[in-house]
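Beneath this line is the structure, given in structure tokens, with notes to follow.
The values are calculated or read from the model by the stated rules, or taken from the named source; none is laboratory data. Just so it is clear, the model here is predicted, and its values are computed rather than measured. Note that we place each Cβ from the backbone using ideal geometry, even for glycine, and neighbour counts take in every protein chain shown. Surface accessibility is based on the protein's heavy atoms, side chains included, excluding ligands, DNA and RNA. Shrake-Rupley method; radii C 1.70, N 1.55, O 1.52, S 1.80 Å.
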Amino acid sequence: MTVADGVYSEVDVVVVGAGFAGMYMLHRLRGMGMTAKVFEAGSGVGGTWFWNRYPGARVDIQSLEYSFSFDEQLEREWRWSERYAPQAELLDYANHVADRYDLRRDIQLDTRVNAAHFDETANRWTVTTDRGDTVSARHVVMATGCLSVPTDVDFAGIDSFKGTVYRTSRWPHEGVDFTGQRVGIIGTGSSAIQSIPIIAEQAKQLTVFQRTPNYSVPAHNQPLAPELVAEWDANRTRYRAERRYTAGGFWNTPRDQLTMDAGPDDHRAEYEKRWQVGGFDILGAFADQGVDPNANKVAAEFAAAKIRELVKDPKVADLLTPKDYPFGTKRLCVDTNYYATYNRDNVSLVDIKATPIETITPTGIRTSGGDYEFDSIILATGFDAMTGALARIDIRGRGGETLKSHWAEGPRNYLGLMVAGFPNLYTITGPGSPSVLTNMIMSIEQHVDFIADTLAAMAGRQQVTIEPTAQAEAEWTTHVNELAAMTLYPQANSWYMGANVPGKPRVFLPYVGGLGVYRLLCDKIAADGYTGFALG
Ligand code: N01
């Protein structure tokens with residue numbers, strides 16, 4: 001191997017990304033006495049919570065659960081302030097974890113991994129970065145995040161705009177004060193839905209450009225009551241153990257009852273109860289709402305009635321009501337005052353499905369319906385989800401095959417974790433794993449523990465490579481797709497389906513079987529000597 005202009009080094013494992021996944025991976029590897037190097041593109045740790053600093057950014061899983069569970073001591077010493085932690089607190093938590101476990105000395109910030117090539121003779125990966133590093137590693141763990149690469153939206157004329165263009169996922173660290181400004185925001189996904197109510201309170205005028213409305217439920221966010229925290233502390237071990245075997249890895253109360261076995265009054269009462277609880281609990285009201293179109297309509301009609309109740313102008317309420325995809329098949333948004341914000345005099349909604357954006361002008365946005373003038377434009381236009389970050393690294397496995405070509409028709413892998421022909425390469429919360437349908441931190445812990453335990457098992461048997469068989473990969477990929485096809489998810493043009501990125505294969509990306517089922521399967525595979533994997 002030739003060393004060009006970088007520093008050449010050798011480690012057991014390279015980890016790409018220093019979000020929660022990369023940090024916990026490093027911690028586990030250290031505990032096993034393995035050497036590891038973490039590369040992180042950002043100038044700080046925290047991943048999602050490092051980048052997404054837009055006003056109102058906060059987690060949509062309750063903070064008590066959206067945190068590491070691997071260390072009782074860490075759980076005891078960290079205190080959350082709100083039911084749903086705001087971004088700044090989550091970033092503090094990430095930094096606390098980095099300091100508490102002395103992780104920083106193995107994390108190289110401001111460094112993007114460009115390539116990872118497998119050398120079949122040495123059974124090692126060569127990883128190169130944009131800073132000129134070249135590292136040889138036995139294993140590579142991609143902890144690159146599911147929603148880390150913004151989509152390449154390319155509005156004509158954007159460079160001509162004389163004001164400032166912001167992106168929710170690349171928000172200035174010093175924050176932005178919109179006081180007195182005319183602001184336009186493009187997009188109405190979770191990022192927009194969280195930021196619109198806050199920006200509306202600052203701006204002179206806020207105009208929302210909506211292509212597709214989203215369903216959103218209230219967060220009912222509030223300071224964490226000391227009694228609730230005490231109750232959590234007293235029962236935490238049991239709660240954590242139970243959640244590990246639930247579908248989502250977080251608190252919710254799914255029921256077995258079918259929609260059509262209940263009457264309209266029961267439907268309303270059940271959905272209302274869950275609307276008042278807030279968050280994702282509404283997805284568990286009836287067992288069939290995610291699979292039966294008629295059952296789903298009941299949920300959709302309840303949500304539409306709520307929008308009509310909350311938004312005074314019936315035309316705006318109608319525009320804000322989704323009509324062409326089932327309830328819950330795009331990621332449900334969790335908001336604070338989103339719908340009520342449209343009752344403000346300084347907020348207006350533009351339907352860009354009816355009057356598409358034609359160009360950005362020096363002074364604002366031109367749609368087919370007219371011109372709008374702005375001081376600032378915000379792009380809340382989403383991410384190239386789940387495969388985007390991996391596609392941007394030149395990953396080459398056996399025979400020089402690129403991951404990009406292996407996944408040309410959509411991701412193929414085993415357990416969402418490893419790819420045939422790419423030995424010792426692991427994708428934490430990769431496509432085909434429960435990932436984004438779950439409490440991400442709980443899924444991250446499960447994947448990291450599986451990887452760490454696998455490496456320990458291999459070391460015990462003097463094995464140096466592991467990779468899935470082509471057959472196991474084909475069967476898992478079929479299973480992931482078949483399960484998704486049993487649900488209503490594929491009916492939405494969502495980022496779950498890759499539908500938000502032109503040219504991306506239309507495949508349902510996460511595994512819908514649930515984290516608990518998935519965990520049992522992984523445990524069994526390991527206990528049976530790594531069924532479906534070839535070890536050498
Ligand atoms: O992105 P999105 P997001 N012209 O893809 C529109 C997580 N998250 O950043 O639907 C005009 O949901 C697009 O319109 P359409 C969460 O998992 C969590 O908001 O394609 N419009 C859509 O309205 C979430 O699901 C939290 O028709 C364009 C919007 O932009 C995921 O991240 C907070 C356009 C993009 O919505 C992504 O959310 C934030 C174009 N060319 C994010 N391109 C929490 O609550 C796109 N759009 C924890």
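Points worth noting:
- Each of ARG30, ARG308 has its accessible area taken with a 1.4 Å probe; listed largest first, they run ARG308, ARG30.
- The portion of the accessible surface of segment 401-536 made up by carbon and sulfur, rounded to a whole percent, is 57 (1.4 Å probe; DNA, RNA and ligands excluded).
- Using a probe of 1.4 Å on the protein chains alone, the accessible area found for SER160 is around 50 Å².
- Cross-linked pairs LYS315/LYS504; LYS273/LYS312; LYS297/LYS353; LYS306/LYS353; LYS204/LYS306; LYS323/LYS404: Cα-Cα separations exceed 31 Å for LYS315/LYS504; LYS323/LYS404.
- Förster radius 30 Å - calculated FRET efficiency between ALA234 and VAL517 (Cβ-Cβ, nearest 0.05): 0.55
- Given their separation in residues at 0.36 nm each and the Cα-Cα distance between them, ARG76 and ARG392 gain 109.9 nm when the chain is fully extended.
- Sulfur and carbon atoms: percent of accessible area, segment 222-380 [1.4 Å]: 54 percent
- Most simply put, the chain has about 40% antiparallel DSSP beta bridges, counting only bridges with both residues inside it.
- Note on ASP130 and ASP453: their simple-model spin labels are 3.7 nm apart, each label 7 Å out from Cα toward Cβ.
- Under 5 Å, built H, 5+ apart or other chain: amide partners of VAL165: ILE377
- The residues of the chain have, on average, 41 Å² of accessible surface per residue, using a 1.4 Å probe with all protein chains present.
- As a fraction of the 1.4 Å probe accessible area of segment 1-97, surface on carbon and sulfur atoms comes out at 49 percent.
- Potential extension, GLN108-ASP324 segment - 0.36 nm per residue separation minus Cα distance: 73.2 nm
- ³J(HN,Hα) computed for each position of segment 83-93 - Karplus, 6.51 cos²θ - 1.76 cosθ + 1.60, integer Hz, glycine/proline x: 4, 10, 5, x, 3, 4, 6, 5, 5, 4, 4
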